[in-house]
Amino acid sequence: MKILSIKHPFAIVTLLIMVALLSSCATSSVSTEILVPADISIPKHIKKVAVVNRSLPDKGEKLSNIIEGFFSGESIKADKEGSENCVNGLVTILNNSPRIEASLVSYPKLKGTGTREWPLTLDWSMVDSICKMYNADALVALETFDSDILYSTGKNIVKRIVDNKEVLEDEFFADLRVNVNAGWRIYDNIDKKIVDQQSFMDEKGWNGKGLKPDEALKNLPNKRNAINAAGVFAGSQYGVRISPTWVHASRIYYVKGKKENGFKTAKLHVKAGNWDKAKIIWENLSKSADQKIAGRACYNMALAYEMEGELAEALVWAKKAFTSYNLKQARYYANILTVRITEQDKLKEQLEK
């Protein structure tokens with residue numbers, strides 16, 4: 001079962017580069033964590049938040065939701081569990097960020113519409129009471145939560161080796177997509193105003209394969225588990241929108257030239273985490289009369305400086321690899337570094353106390 005999900009732009013761009021390069025034996029990859037700024041900047045005085053699930057229906061709304069769940073084929077409790085996982089996902093991502101501390105509100109229980117329709121804003125007296133109870137500066141409320149499940153099936157013709165002979169066979173596939181529509185409000189209890197009110201659609205998906213249609217379907221999670229996982233994902237995505245977060249990124253680097261003259265040794269230093277020793281080798285190789293070796297060494301120097309947090313110097317080397325040695329992959333890498341440098345001011349502003 002392959003799991004699909006929306007990734008940060010850095011990861012998407014890096015993946016495209018890696019797909020193009022890792023087919024060659026000339027490259028290897030290294031993983032790192034990158035701190036990226038939030039999409040929006042919330043007031044600096046908001047350092048701790050209480051997170052509440054207000055998306056569950058009040059008693060008057062429950063019957064209509066049960067009827068809707070019956071006719072749509074969804075589990076009656078699926079969205080309830082999904083919304084609870086959604087706020088848990090937000091709390092987890094915020095507590096792993098360097099900007100905001102979060103607490104999950106277990107009491108009081110706040111009710112909403114149980115649909116995509118927004119409820120009325122909370123009274124500030126209620127917001128103040130909850131914030132004091134949890135020692136928070138603001139209240140983040142999941143005001144709406146709704147999920148849609150989409151299945152698609154089909155088949156492809158694939159080549160297989162049977163009894164040492166190549167034969168064509170049917171391979172069946174099944175795709176499952178869960179779209180989560182989550183509406184959020186941030187109640188700033190210090191300035192007594194709503195600093196964010198947005199509804200977002202996030203998608204998480206899975207696909208399965210098999211020699212028979214039912215085998216492909218068996219490789220998918222059940223609906224409830226899928227909605228729960230999609231809820232966690234939607235909550236974590238909102239965390240990324242309001243707080244700087246660490247994201248996983250992969251980078252390629254060159255481990256081979258026309259002949260072995262230091263790249264393999266530098267690779268061993270990289271695997272040991274010794275970037276300084278790798279840089280000494282690459283800097284020498286960057287002066288090579290061989291254009292390909294010099295270009296690849298310049299590219300690797302850019303990576304080393306990025307790993308050390310020296311983004312401006314990394315960009316200098318990446319540009320040199322492209323402009324002086326026409327290494328096309330360096331142009332993509334230079335663009336990634338340019339975006340990271342541009343975001344540093346925003347990140348610094350969001351992390352200032």
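The values are calculated or read from the model by the stated rules, or taken from the named source; none is laboratory data. None of the values given here were measured: they were computed from a predicted structure. Glycine also receives a Cβ, built like all others from the backbone with ideal geometry; neighbour counts cover every protein chain displayed. Each accessible area value is taken on the protein alone, full model and side chains, heavy atoms only, with ligands, DNA and RNA left out. Shrake-Rupley method; radii C 1.70, N 1.55, O 1.52, S 1.80 Å.
Values as computed for the structure displayed
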| read-out | value |
| --- | --- |
| Residue in region 204-255 that is least open to solvent (accessible area, probe 1.4 Å), counting only those that are more than 23 Å from L337 (Cβ to Cβ), part of a loop (DSSP other than H, G, I, E, B) and not aliphatic (A, V, I, L, M) | S243 |
| Any pair with Cβ under 9 angstrom, 6 or more apart, that starts in region 325-353 at a residue that is under 16 Å from W246 (Cβ atoms) and ends at one that is in a helix (DSSP H, G or I) and modelled with pLDDT under 95 | R340/F10 |
| Filtered residues of region 163-196 (kept if in contact with an Asp or Glu (Cβ under 8 Å, 6 or more places away or on another chain) and open to solvent by 50 Å² or more (accessible area, probe 1.4 Å)) | R177, I190, I194 |
| Members of region 114-153 that are polar (S, T, N, Q) and either open to solvent by 20 Å² or more (accessible area, probe 1.4 Å) or in a helix (DSSP H, G or I) (or both) | T115, T121, S125, S129, N135, S152, T153 |
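Conditions (1) part of a loop (DSSP other than H, G, I, E, B); (2) buried (at least 18 other Cβ atoms within 10 Å of the Cβ); (3) among the small types (G, A, S), marked per residue:
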| site | (1), (2), (3) |
| --- | --- |
| L315 | no, yes, no |
| K319 | no, yes, no |
| Y333 | no, yes, no |
| R340 | no, yes, no |
| Q344 | no, no, no |
| K348 | no, no, no |
| K353 | yes, no, no |
